[in-house]
Amino acid sequence: MATDARTTRKQLKRDQIRAGARRLFLEQGFAGASTDAIAAAASVSKQTLYAYYPTKEDLLTDVLQQLVDGLPHGSFVTALSDHPIDAPETLRMLLVDLAQRISNSIMQPDYIALMRVLIAEAPRLPQLSHLFTSTAPERAFRSIAILLREAHRSGVVNIPDVDAATRLFIGPLLTYAILDGLFVPDGPPRPPAPERITAVIDLFMQSITVST
């Protein structure tokens, strides 16, 4: 019982440090958040901070891991057994839903702030880029590819290069994240309206059904 209580206290203290560091990292970036400021934000001594996180890089990695794990990027695709792809309109419906889910995820303020930190620190801390790309982006790519491969297999569309088609699908969504998220100097990100998402998917559908 005593061991469980100590474990709980340590976890609470770690959460406390991580919460303070998260706010500073996302607001000020890695370089701008000093260990003194992090300790103050977390209401702990620097000695306690170093006991849990020997380096600021270790703390940043843990903060980013928590952020990435908390993003709603889970399983983007509705089970294909619920919606077998037997017609172009079915594929269109699934792609619109998928694009909206991805857009909602990548246009979150914390996601945009996370990308800013990663862009600034990736050259010096390449492991952070791997942490990021191995979760949300890879899951999104995998979800898109699953739909497109199934549609190709079913003969609904003709997609000889699924990887290229996947990049064609995700590219317009990333422009919103970059131009209306990353490059917005103040204020929240400006996610695309649902009709904009639908317009993007309609153009995408034209590109993959023209030769069927």
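No value in this document is a laboratory result; all are computed from the given coordinates. Bear in mind that the values here come from a model prediction, so they are computed numbers and not experimental data. So basically every Cβ, Gly included, is an ideal-geometry build from the backbone, and we count neighbours across all protein chains shown.
With Cα atoms defining each centre, the stretch 13-67 and the stretch 178-212 are spaced 35 Å apart in the structure. Cβ crowding within 10 Å, taken as a proxy for footprinting-reagent exposure, orders Ser154, Ser43, Ser103 from fewest neighbours to most as Ser43, Ser154, Ser103.
Between Asp180 and Ile146, how high is the FRET efficiency from 1/(1 + (r/R0)^6) when r is the Cβ-Cβ distance and R₀ = 30 Å? Nearest 0.05.
0.65
Radius of gyration over Kirkwood radius for the chain, both on Cα atoms: the Rg/Rh ratio is 1.08.
Here the relative contact order of the stretch 71-209, from alpha carbon pairs under 8 Å that lie six or more residues apart, stands at 35 percent. Label-to-label distance for Leu131 and Lys10 is 2.0 nm, based on points extended 7 Å past Cα in the beta-carbon direction. Counting only aspartates and glutamates at least 8 places from Lys10 when in the same chain, those with an alpha carbon closer than 19 Å to its own are Asp58, Asp62.
The aspartates and glutamates whose alpha-carbon is closer than 12 Å to the alpha-carbon of Lys56, local same-chain residues fewer than 8 away aside, are Asp36.
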